[in-house]
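Chemist: The structure follows.
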Amino acid sequence: MARKKQVALNSLGLGAEQALKIYAKLVEIRQCEQQLNTAFAKNLFPGYIHSYQGQEACAVGVCSTLRDDDCIVSTHRGRGHYLAKGMALEPMVCEMFGKANGICGGRGGEMHAADPAVGILGGNGIVGGGIPYATGAAYSAVLDGSDRVCVVFFGEGASNQGSFHESLNLAAAWNLPLIFVCENNLYAEMTPFRDTSRQIDVAERAHGYGISGHSVDGNDVLAVRAASLAAVGQARAGKGPTLLELKTYRHGGHFQGDPCHYRSREEEQLWLERDPVQRFRNVVLQQGWQSENQLAALEAGIEAQVGAAIDLALRSPDPDPSEALRHVYAN
Ligand SMILES: Cc1ncc(C[n+]2csc(CCOP(=O)(O)OP(=O)(O)O)c2C)c(N)n1
């Protein structure tokens with residue numbers, strides 16, 4: 001049994017070093033979400049927080065298969081994607097607080113951070129709004145004659161938008177190097193997906209456009225990584241787009257203070273038992289990649305780094321109002 005598991009992991013090309021990088025990224029995202037929530041509860045955070053807690057394996061599994069020059073397009077729930085694709089922790093956190101030393105000088109805030117230097121083309125407050133951007137980015141990779149790929153993340157709610165269907169059709173027709181990654185967390189704000197779609201497996205929609213679609217356990221970082229490796233390999237080889245549906249769950253509400261009347265406590269508990277961070281922690285221990293003590297030290301270090309990034313953001317200056325119109329108009 002153990003031997004079987006070892007073979008499966010090896011076929012993912014995953015050794016101890018890479019496994020630890022993946023685990024550290026999962027923990028960093030989890031720590032960010034938890035500590036930002038705490039800052040929000042103390043009234044220290046400006047605006048809203050769309051928490052990514054519970055969905056970490058989606059961003060980490062997919063981005064672990066990308067190169068630096070590949071690009072991603074994110075959503076209103078983007079912090080996990082930003083960190084997983086390589087945005088540095090401190091400028092990311094400072095951006096969340098709208099500070100002058102944020103990655104976008106405080107102009108992007110919680111929903112609109114970007115870092116083109118590492119292929120992060122931006123979050124988007126418009127549900128489904130990023131999908132056509134990503135289609136354009138994938139087309140630009142083709143026009144450049146490069147083998148770059150593009151990944152677009154979105155929720156199952158966005159898969160009911162026209163932009164999703166138009167982009168899927170165009171990407172399929174033009175054979176674009178684009179991976180559509182739907183993080184199906186079952187609810188769009190308070191609306192269950194089953195109330196807005198008769199077909200609850202988003203992956204099935206791929207077939208209508210002549211491309212392949214796969215439903216994957218989005219709380220299993222290794223399963224996500226395996227599906228993404230295949231889709232990225234296909235896109236890089238000029239064989240066109242794939243739709244990946246990652247079944248997952250957000251631990252918290254849509255917003256802080258959301259009483260979550262639209263879902264049951266039993267359902268929440270079921271998904272907590274499939275926690276993606278804890279699951280991969282167990283794999284790391286079972287494989288003997290790290291001991292319990294080593295993991296505890298790693299986790300404490302990351303917790304401190306995230307805390308320090310938040311402290312830095314709280315001490316940092318707001319943007320200068322005289323700069324507000326910079327980057328808005330051409331000369
Ligand atoms: C075009 C548009 N319609 C409605 C909203 C309000 N809104 C913000 S988030 C959200 C839910 C989106 O659900 P989903 O795409 O599944 O992503 P999730 O929030 O679950 O990550 C809605 C309806 C919006 N921002 N943009």
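Laboratory data are not the source of any read-out in this text; all were calculated from the coordinates shown. Predicted model, so just to flag it, every value in this text is computed and none were measured. Cβ sites come from the backbone with ideal geometry, for glycine too, and all protein chains shown count toward neighbours.
Chemist: With a 10 Å Cβ neighbour count serving as the proxy for reagent exposure, in which order, fewest first, do Glu268, Glu56, Glu189 appear? Kindly include the intermediate steps, with their values, before the conclusion.
Modeler: Working: Glu268 16, Glu56 29, Glu189 12.
Result, fewest neighbours first: Glu189, Glu268, Glu56.
Chemist: Related question: On a C-alpha basis, how far is the centre of segment 248-306 from the centre of segment 158-199 in Å? Whole number, if you could?
Modeler: 26 Å
Chemist: Moving on. Who wins for biggest fluctuation among Cys63, Cys260, Cys71 in a Gaussian network model of the chain, springs between alpha carbons below 10 Å?
Modeler: Result for the chain, Cα springs under 10 Å: Cys260 fluctuates most.
Chemist: A further question on this structure: With the crude spin-label approximation of a point 7 Å out along Cα→Cβ, what separation in nm comes out for Lys239 versus Asp318?
Modeler: 5.4 nm
Chemist: May I pose another question? Of all beta bridges DSSP finds with both residues in the chain, what is the antiparallel percent, to the nearest 5?
Modeler: If we restrict to bridges inside the chain, about 10 percent are antiparallel.
Chemist: Compute the length gained on full extension between Asp147 and Asn101: take 0.36 nm times their separation in residues and subtract their Cα-Cα distance, giving the result in nm to one decimal. Kindly include the intermediate steps, with their values, before the conclusion.
Modeler: Numbers: separation 46, 0.36 × 46 = 16.56 nm, distance 3.33 nm.
My answer for the length gained is 13.2 nm.
Chemist: Additional query: Ala188's amide H: which non-local residues (gap 5+, or another chain) put their own amide H closer than 5 Å, with H modeled 1.01 Å from N in plane and none for Pro or chain starts?
Modeler: Under 5 Å from the amide H of Ala188 lie the amide H atoms of Phe193, each far enough along the sequence or on another chain.
Chemist: According to the Cα gyration tensor, what semi-axes, each the square root of 5 times an eigenvalue, does the equivalent ellipsoid of the chain have, listed from largest to smallest in whole Å?
Modeler: Each semi-axis is √(5λ); the values are 28, 26, 21 Å.
Chemist: Which residue fluctuates the most in the chain, going by a Gaussian network model with Cα springs under 10 Å, if the choices are Ala188, Ala235, Ala300?
Modeler: Ala300
Chemist: Can you give the calculated 222 nm mean residue ellipticity of the chain, where each DSSP H run of n ≥ 4 adds -39,500 (n - 2.57) and the sum is split over every residue, rounded to the nearest 500 deg cm²/dmol?
Modeler: Result for the chain: -14000 deg cm²/dmol, rounded to the nearest 500.
Chemist: Within segment 2-319, how many Lys pairs that are eight or more residues apart, or on different chains, come under 21 Å at the alpha-carbon?
Modeler: Final tally of qualifying lysine pairs is 6.
Chemist: Say each of Tyr329 and Ser140 gets a label point 7 Å from the Cα, pointing the same way as Cα to Cβ; how far apart are those two points in nm?
Modeler: 2.5 nm
Chemist: Need one number: the % of Cα-Cα pairs in segment 181-310 sitting beyond the 26 Å mark.
Modeler: 42 percent
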